[in-house]
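Right, one structure below, let's go through it.
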Amino acid sequence: MKIYFDSEKLLSEYSNMIYRIASGYFNNKDDIEDIAQEVYVRYMNYVEETGEFNNSTYERNWIIRVTINLCTNEVKSARKKYNVPLKDEALYCYDIDTKTDLEIAISKLKEKYRIVFEMFYFEDLKISEISKELKITESSVKTRLKRAKAKLEKLLKSGGEYNARF
């Protein structure tokens, strides 16, 4: 039996979330799009094998977990260790032309701060959910959020000057 799902719904509800999570790991548009495509393929395979998700919360958490796992695996892969991109774009969201100062500042944060910040403020995940998804303690999530906010404030007040400490 073939199971069909609404691909338009998948794209409209989750594409921005997937791009934001992947952009926390990569600054290259091609890498982000590769991850997004793989998430969609895995989603389709999952739905085909198991049927529909029990509820929208489980579906959303499943997509977040798959996206994080794919990004982590890609970062760790040998291909990434020895591959230097020809053009490195500072990419935060799907529409590059409408980036704000805040989005640019967020993209300059270290990965561990950027991911927690985006999951908390843009994906509306609770600290306990972020802790579970990233497999770190709740106190680590709180600390990273506090440091991310402090670094963003400092970066925005300095007029966007990039500092390697961020």
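A short reminder: the numbers here are calculations on the coordinates, not readings from a lab. Model, not experiment: these values are computed from the prediction. Note that we place each Cβ from the backbone using ideal geometry, even for glycine, and neighbour counts take in every protein chain shown.
Which loop-located GluC sites (Glu not before Pro) does region 25-54 contain, where loop means any DSSP state but H, G, I, E or B and the Cβ has at most 15 other Cβ atoms within 10 Å?
Values: sites: GLU33, GLU38, GLU48, GLU49, GLU52; in loops: GLU52.
Those satisfying the criteria are GLU52.
When the listed pairs LYS29/LYS142; LYS110/LYS142; LYS126/LYS157; LYS132/LYS157; LYS112/LYS135; LYS126/LYS154 are checked against a 22 Å cut-off, the alpha-carbon distance exceeds it for LYS29/LYS142; LYS126/LYS157; LYS132/LYS157; LYS126/LYS154.
Determine, for PHE117, PHE53, the number of other Cβ atoms within 10 Å of each Cβ, and report the residues in order from fewest to most. Show your work: numbers first, answer last.
Numbers: PHE117 21, PHE53 17.
Listing PHE117, PHE53 from fewest to most nearby Cβ atoms yields PHE53, PHE117.
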